[in-house]
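The values are calculated or read from the model by the stated rules, or taken from the named source; none is laboratory data. If you're wondering where the values come from, they're calculated on a predicted model, not measured in any experiment. Here the Cβ is made from the backbone with ideal geometry for all residues, glycine too, and neighbour counts use every protein chain on show.
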Ligand SMILES: [Zn+2]
């Protein structure tokens, strides 16, 4: 006899608690006030965070919320100039990501240094993300979709799905289980940490849409900071505006607004 999802007592359906299109926190999280909210973004390549969530981050940092980035690969397979070595490209992209972070008020950026284009969901990757979670101790982790979207080739880069899956594994069970990756406790003294919620990037529409109309210019400035990747994209602002308009519409924001969408999971 199977267990229906509707009847599992410990997993109430909390989707109704979100007002579609209204950016707000989990209002019944009595143990986490907005002032205590700490956001960690884990994405595969330098620039992923800015395409997906920089407008929301600019809002949150302005509200005093602490935000940190964990960038898994060096993006060393990016760009198309063969005269630049891959090591030089990796160094340049780290610099670009640091500038982009500062544009939206983020000072903490951790680079895990995995090679671009060869990422797999390894125990080492799960441990390395768990380490950053235990160090920064976020309440909210933002990451990429761990599942291939058969309607989005570019959104389903294998580094993105691997990053999403490894991050979900790090949030549960690894970071909260003292017996997972025991070296994190034994050698580094990093106590277990339970993340309260995952916000998964959902550009096709999600549960929550953050209104980024007022921070769209800073999102664009963050994207332009990735000079090696965006300087030649003359239509980038138009494409980003159209993309944000579609996400706002999917989230039922008023006409003319711009948005970034997420699927939100309670992970406590
Ligand atoms: Zn990417």
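Tell me, please, whether a residue that is on the phi > 0 side of the Ramachandran plot, modelled with pLDDT under 95 and crowded, with 24+ Cβ neighbours inside 10 Å can be found in segment 64-78. Steps first, answer last, please.
The initial filter retains those residues of segment 64-78 that are on the phi > 0 side of the Ramachandran plot, namely 64, 75.
Of the ones still in play, those that are also modelled with pLDDT under 95 are 64, 75.
After this cut, where a residue has to be crowded, with 24+ Cβ neighbours inside 10 Å as well, the list is 75.
Yes, the conditions are met somewhere in segment 64-78.
This table checks each residue for (1) at pLDDT 70 or above; (2) closer than 20 Å to residue 226 by Cα.
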position: 32; (1), (2): no, no
position: 38; (1), (2): yes, no
position: 45; (1), (2): yes, yes
position: 51; (1), (2): yes, yes
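Kindly state which strands (runs of 3 or more DSSP E) lie completely within segment 155-268 and contain at least 2 residues that are within 20 Å of residue 70 (Cβ to Cβ) and touching a residue at least 60 places away in the same chain (Cβ under 8 Å).
Details: elements: 197-201, 208-211, 259-266.
Per the criteria, 197-201, 259-266.
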Kindly indicate whether any position in segment 184-199 is within 16 Å of the ligand (Cβ to nearest atom) and at pLDDT 95 or above. no
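Yes/no per residue for (1) buried (at least 16 other Cβ atoms within 10 Å of the Cβ); (2) within 14 Å of the chain's Cα centre (by Cα):
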position: 109; (1), (2): yes, yes
position: 116; (1), (2): yes, no
position: 134; (1), (2): yes, no
position: 141; (1), (2): yes, yes
position: 151; (1), (2): no, no
position: 162; (1), (2): yes, yes
position: 168; (1), (2): yes, yes
position: 173; (1), (2): no, no
position: 176; (1), (2): yes, no
Considering only segment 153-177, state which residues are out of contact with any helix residue (DSSP H, G or I) (no Cβ under 6 Å at 6 or more places or on another chain) and more than 12 Å from the ligand (Cβ to nearest atom). 153, 165, 168, 171, 172, 173, 176, 177
Exactly one of (1) modelled with pLDDT under 95; (2) assigned to a loop (DSSP other than H, G, I, E, B); (3) within 16 Å of the ligand (Cβ to nearest atom) is unmet by residue 150. Its number? (3)
Can you run down the residue pairs with Cβ atoms below 7 Å, 6 or more apart or on separate chains, where the first is in segment 40-51 and more than 21 Å from residue 115 (Cβ to Cβ) and the partner is more than 7 Å from the ligand (Cβ to nearest atom) and part of a strand (DSSP E or B)? 40/68; 40/70; 40/141
